[in-house]
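Visitor: Encoded as structure tokens, here's the structure I'll be asking about.
The values are calculated or read from the model by the stated rules, or taken from the named source; none is laboratory data. All values reported here derive from a predicted model rather than from experimental measurement. Here Cβ is always computed from backbone atoms with ideal geometry, including for glycine, and neighbour counts include all displayed protein chains. Quick note on the areas: whole protein, heavy atoms, side chains included, nothing else; ligands and nucleic acids left out. Shrake-Rupley method; radii C 1.70, N 1.55, O 1.52, S 1.80 Å.
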Amino acid sequence: QVQLVESGGGLVQAGGSLKLSCAASGSIFSINTMSWYRQVPGKQREVVAVITRGGSRNYVDSVKGRSTISRDNAKNTMYLQMNSQKPEDTAVYYCNANINLVSSWGQGTKVTVSS
């Protein structure tokens, strides 16, 4: 059994910064690609950023230049540093990871950006 736990969400003013964390725990043999998704009510969950085990990164256009995804393989933890936050970044952020060749999800952490 593996578990992903996000943290770091909260309320931030427009233009501010926030750093999300996603920690994996349990019987872990391997963690491959890790990703951050976000979802607002009434809309589909969208991928925000992806990082491979080797460190290759990709971002959705709306966060490029403002966000940085990273991971610490020794700690089984992934991060998302979000800068210059906009009200449209308001969403529940979820982490996803390919752990032991199985896709796993965290429970989500809410980010609210006030204008």
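Visitor: Residue by residue through the range 1-33, note down the ones that are surrounded by 16 or more Cβ atoms within 10 Å (Cβ to Cβ), closer than 14 Å to Thr77 by Cα and in contact with a Leu (Cβ under 9 Å, 6 or more places away or on another chain).
Guide: Glu6, Gly8, Leu20, Ser21, Cys22, Ala23, Ala24
Visitor: Take Val102 and tell me if it is open to solvent by less than 40 Å² (accessible area, probe 1.4 Å) and either over 13 Å from the mean Cα position of the chain (by Cα) or within 19 Å of Gly16 (Cα to Cα) (or both).
Guide: When the stated conditions are applied, Val102 does not pass them.
Visitor: Out of curiosity, is Gln85 over 19 Å from Gln1 (Cβ atoms), open to solvent by 60 Å² or more (accessible area, probe 1.4 Å) and over 12 Å from the mean Cα position of the chain (by Cα)?
Guide: So Gln85 does not fit the description; no.
Visitor: Out of Lys43, Lys75, Lys64, which single residue is open to solvent by 70 Å² or more (accessible area, probe 1.4 Å), of a type outside the set (Asp, Glu) and under 21 Å from Gln1 (Cβ atoms)?
Guide: Just a single option satisfies the conditions, and that option is Lys75.
Visitor: Same structure, new question: Just to be sure, is Gln107 under 15 Å from the mean Cα position of the chain (by Cα) and not in a strand (DSSP E or B)?
Guide: Spelling it out, Gln107 is indeed under 15 Å from the mean Cα position of the chain (by Cα) and not in a strand (DSSP E or B).
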